[in-house]
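Reviewing the structure listed below.
The values are calculated or read from the model by the stated rules, or taken from the named source; none is laboratory data. Treat the numbers as computed from the prediction; the structure is a model and nothing was measured. No Cβ is skipped: glycine too gets one built from the backbone with ideal geometry, and neighbour counts run over all protein chains shown.
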Amino acid sequence: MLKKTDETYFNGEREVEKTSVAIIGAGFGGLSAAMLLSEKGYHVKVFDRLQNVGGRGSSKTQKGHRFDLGPTILTLPKNFEELWKRCGDDLSQHVKIEKLSPYYDLIFEDNDVLSVSGNKSNFEAQIKKFAPDDLKGYRKFMRLSERQYNFAFSKKGSMGRSPMHRLWDTLKVLPIFALLRADRSVYRSAASYVSNSKLRFALSFHPLFVGGNPFTVTSMWGLVNYLEHRFGVYYIHGGAQAMANKMAEKIKSSGGQVTLNTTVNKILTKENRAIGVQLETGEKISADYVVSNADLQNTYDSLLGHQKKKRWTKHKLDAKNWSMSLFVWHFGTSKTRSKWKNVGHHTILVGPNYKKEVNDIFIKGELPQEMSLYVHRPSVTDKTCAPKGDDTFYVLACVPNLSFKNDIHWRDIEKSYKTKILDVLERRLLPGLGRLIKTEYVMTPLDFKERYLSHFGSGFSLEPQMFQSAWFRPHNISEELDNLFLVGAGTHPGPGLPGVLASAEILDEILPDLKKVANKASYHTNKKVMQV
Ligand SMILES: Cc1cc2nc3c(=O)[nH]c(=O)nc-3n(C[C@H](O)[C@H](O)[C@H](O)COP(=O)(O)OP(=O)(O)OC[C@H]3O[C@@H](n4cnc5c(N)ncnc54)[C@H](O)[C@@H]3O)c2cc1C
C-alpha cells in the first residue's frame, strides 16, 4: 500500500504541494526513473555522491583521453528511444547512436577469429568453416533464443518488464520456464545444441557482461544472442556519459533537481514508511516517496540501518551470490590511430580454458592463471574520446569479488596484474603496446567498493541467477518499507542497461500519473488508485 506522508516540516520549510520523490543515485536507473516521474508530474530530487551523473556509466578524462568507465555496448537502443518518447522528446535530437559492424570479434588462443555481426549469412558462413556440423544446432539455438526474448523482454508486460513482487506472478510463468528449459544454464543450453567449443563460448559468454557465471545462470540469458542479431549492437557517441548528461538536462528542464557531490546517509522513516532522506551534511529532505538507485546492500544495510528488516537482513544479503568484480585498465596511447589496423571497436581475447577460468573467479575466488580479456577501442568509432591520431582503450578482466577469503591484496598486486595483462595484449593483439601508453587509470574491486559503495566490490550487484531473479530478487516495491522503491541493477529485472531501464519503467507503471489526476486531494485518498 502506498501512503502519502503527513505534511512534514524540515529545516523550518514547508514542502511544496507537488508530490515529491527523492531519488538516491544518478545511475541509469535513477536518471530514467527521474525522467519518467517528472513527466508524470512528480517533483523529483536526485542526489548522487559522484562528481558527474551516470554512475557506472560515467566517464573520466585524462590528458585528452575520455575513459568510459562502464557500459560500452548498447543493445536495444529502442528502449532509450521509448523512454525519451514517453517524455515527449526525441532521443536522436540529443545523442548520436551508431550501429556497429562487426559487433565484436572473438579471438581464440589459436588465433581463430569469429566475427559477430548482424549479417546472418556471414556468421553462418564462418560456422560452416570451423564447425559445419553445428549449423543446424546453431539455428535451433537461435530459435530458442528468439522465443526466450519474446517471452521475457520483447514488450511492456513481458516478465522482465513487469513488477514481479507477487509470488504468483513468478509461479504462473514456471510452466513456460520449463518449456524454455530455463532450469539449464546458458552454457548447458548452448552445449546441448552445438558441440564446437568455440561456438559454445560464443553463444554462452554474454552473462559475463552482466556479472553472471555462464555455467550457472539460467539459460534465459541466451536471449541476448537473438537480440544482438535481430536489433544490433550500438555505440553511444560521447560514451554512456553523453547519454547520462542529456538525461540529467532533461530532468532539470522538466523542473526536477539533480544534486551531485552529495551522499545520502539515511532514509528517513516514520512508522513503517519512507518520508525522505538525510544527506551527509545532516540536512533532511522530506519526500512523499523515496526511490533508491544505490547498491542494494547500501540501501538496506546502511541507509536503512536503523530499521528492522523483514526480508533483506545483512545476513541474508551477505549470503546471496554477488556478481564477480572487475579489473579495468584504461589507457591512452600516443600516435597509434593508424597502427593495429585489425583491432576494431570491441574485441574479446578468449582464454584457453573457459570453464576453469569462470570456476576460479566465481566458485573458488581465485585469480585465473590464464585470463580472457575484453578490449574496448572506442577511438575507432568516436573521434571525441582521444586527441587526434591517438587511441583510447580499456581492457577488462573478470576477477573474484571481495567476498572470498583469499590472499588477493589489490593494492599490492595491481601493478603485477597489469603487467600480466600487458603481456597477453602484446602477445595476442597490440604488439609494442607498453612503450606507447601515455596515460592510464586502473579500477580494481576496491575501487568498485569505494566509488559506487558496491557490496564486495561486485561489478553488477546480485548475480542474475534464477533464484535471485523475478520474485526472488529484491522487489521494485520495497518489502521493507512503504513508499520506498528500488531501481537499478540490484532489483528486478537485473543488471545491464536494458534491465536497469526496465526497472524504471516498472516504477512508472506502479506510481500513478499525477497529470491525469484532476483533484489531488481525492487522488491521495482514493485507495483503488493507490493500491498496488
Ligand atoms: C565495467 C563495466 C562495463 C559494463 N558494460 C556494460 C555494457 O557494455 N552494456 C550494458 O548494458 N551494461 C554494462 N554494464 C552494466 C551497467 O553499466 C550497469 O548494470 C548499470 O549501469 C547500473 O546502473 P544502476 O542505475 O543500477 O547503478 P549505478 O550505475 O551503479 O548508479 C548508482 C549511483 O548511485 C550513487 N550512489 C550510491 N549510493 C549513494 C548514496 N548513498 N548517496 C548518493 N549517491 C549514491 C552512485 O554514486 C552511482 O552513481 C557494465 C558495468 C561495468 C561496471
Name the one entry in Thr281, Thr299 that is in a loop (DSSP other than H, G, I, E, B) and within 16 Å of the ligand (Cβ to nearest atom).
Thr281
If you go through the range 224-241 one residue at a time, do you hit one that is more than 29 Å from Phe151 (Cβ to Cβ) and either in the same structural domain as Arg143 (by TED's automatic domain parsing) or crowded, with 21+ Cβ neighbours inside 10 Å (or both)?
yes
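Out of curiosity, is Gly57 within 15 Å of the ligand (Cβ to nearest atom) and in contact with a Pro (Cβ under 7 Å, 6 or more places away or on another chain)? Working first, answer last.
Values: within 15 Å of the ligand (Cβ to nearest atom): yes; in contact with a Pro (Cβ under 7 Å, 6 or more places away or on another chain): yes.
Taking the combined requirement at face value, the residue satisfies it.
Only one of Arg188, Arg184, Arg230 is among the basic types (Lys, Arg) and in contact with a strand residue (DSSP E or B) (Cβ under 9 Å, 6 or more places away or on another chain). Can you tell me which?
Numbers: Arg188 fails: in contact with a strand residue (DSSP E or B) (Cβ under 9 Å, 6 or more places away or on another chain); Arg230 fails: in contact with a strand residue (DSSP E or B) (Cβ under 9 Å, 6 or more places away or on another chain).
Step by step, each of Arg188, Arg184, Arg230 is checked, and only Arg184 is among the basic types (Lys, Arg) and in contact with a strand residue (DSSP E or B) (Cβ under 9 Å, 6 or more places away or on another chain).
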Which numbered condition trips up Ile127, out of (1) over 30 Å from Ser38 (Cα atoms); (2) over 19 Å from the mean Cα position of the chain (by Cα); (3) within 16 Å of the ligand (Cβ to nearest atom)?
(3)
Within the range 135-175, how many residues turn out to be over 23 Å from Pro498 (Cβ atoms) and among the hydrophobic types (A, V, I, L, M, F, W, C)?
5
Taking the range 27-51 as the search range and keeping residues that are near the ligand (Cβ under 8 Å from one of its atoms) and outside any helix (DSSP H, G or I), which one is farthest from Thr259 (Cα to Cα)?
Gly27
Can you confirm whether Leu135 is within 16 Å of the ligand (Cβ to nearest atom), at pLDDT 95 or above and in a helix (DSSP H, G or I)?
no
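Looking only at the range 188-199, which residues are within 13 Å of Val350 (Cα to Cα) and crowded, with 23+ Cβ neighbours inside 10 Å?
If the condition is that a residue be within 13 Å of Val350 (Cα to Cα) and crowded, with 23+ Cβ neighbours inside 10 Å, then Leu199 is the only one that fits.
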Within the range 124-141, track down each residue that is under 13 Å from Asn225 (Cβ atoms) and either surrounded by fewer than 20 Cβ atoms within 10 Å (Cβ to Cβ) or in contact with a Ser or Thr (Cβ under 6 Å, 6 or more places away or on another chain) (or both).
Arg139, Lys140
Please work out which one of (1) within 30 Å of Gln51 (Cα to Cα); (2) at pLDDT below 95 is the condition Lys515 fails and give its number.
(1)
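Of everything in the range 142-157, what is in a loop (DSSP other than H, G, I, E, B) and exposed (fewer than 15 other Cβ atoms within 10 Å of the Cβ)? Give them in sequence order. Full working, then the answer.
First, pick out the residues of the range 142-157 that are in a loop (DSSP other than H, G, I, E, B): 153-157.
Scanning the range 142-157 gives Lys155, Lys156, Gly157.
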Checking Phe460 against (1) crowded, with 23+ Cβ neighbours inside 10 Å; (2) among the aromatic types (Phe, Trp, Tyr); (3) more than 26 Å from Ser59 (Cβ to Cβ), the condition it does not meet
(3)
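For Gly222, state whether it is touching a Pro at 6+ places or on another chain (Cβ under 6 Å) and assigned to a helix (DSSP H, G or I). Steps first, please.
On the way: touching a Pro at 6+ places or on another chain (Cβ under 6 Å): no; assigned to a helix (DSSP H, G or I): yes.
Answer is no for this residue.
Looking only at the range 252-273, which residues are away from the ligand (no atom under 14 Å from the Cβ) and touching a residue at least 60 places away in the same chain (Cβ under 8 Å)? Lay out the reasoning, then the answer.
Going through the range 252-273, the residues away from the ligand (no atom under 14 Å from the Cβ) turn out to be 252-256, 269-273.
Once the filter is applied, which keeps residues that are away from the ligand (no atom under 14 Å from the Cβ) and touching a residue at least 60 places away in the same chain (Cβ under 8 Å), the range 252-273 yields Ser254, Gly255, Gly256, Thr269, Lys270, Asn272, Arg273.
Provide a single number: the residues in the range 495-510 that are near the ligand (Cβ under 6 Å from one of its atoms) and of a type outside the set (Val, Ile, Thr). Let's see the steps before the verdict.
Just the residues of the range 495-510 that are near the ligand (Cβ under 6 Å from one of its atoms), to begin with: 495-497, 500.
Keeping just the survivors that are of a type outside the set (Val, Ile, Thr) gives 495-497.
So the count comes out to 3.
Could you check the range 443-454 and list, in sequence order, the residues that are over 15 Å from Gly29 (Cβ atoms) and either within 10 Å of the ligand (Cβ to nearest atom) or in the same structural domain as Tyr300 (by TED's automatic domain parsing) (or both)?
Step one: list which residues in the range 443-454 are over 15 Å from Gly29 (Cβ atoms), which gives 443-451.
Within the range 443-454, Met443, Phe448, Arg451 meet the criteria.
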Does Ala274 satisfy the criteria of being assigned to a helix (DSSP H, G or I), modelled with pLDDT of 95 or more and out of contact with any helix residue (DSSP H, G or I) (no Cβ under 6 Å at 6 or more places or on another chain)?
no
Take the residues in the range 418-456 that are in contact with an Asp or Glu (Cβ under 9 Å, 6 or more places away or on another chain) and not in a helix (DSSP H, G or I); name whichever of them is surrounded by the fewest Cβ atoms within 10 Å (Cβ to Cβ).
Gly432
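Which of the following residues is in contact with a His (Cβ under 8 Å, 6 or more places away or on another chain), among the charged types (D, E, K, R), outside any helix (DSSP H, G or I) and at pLDDT 95 or above: Glu98, Glu109? Show your work before the answer.
Values: Glu109 fails: in contact with a His (Cβ under 8 Å, 6 or more places away or on another chain).
Answer to the check: Glu98.
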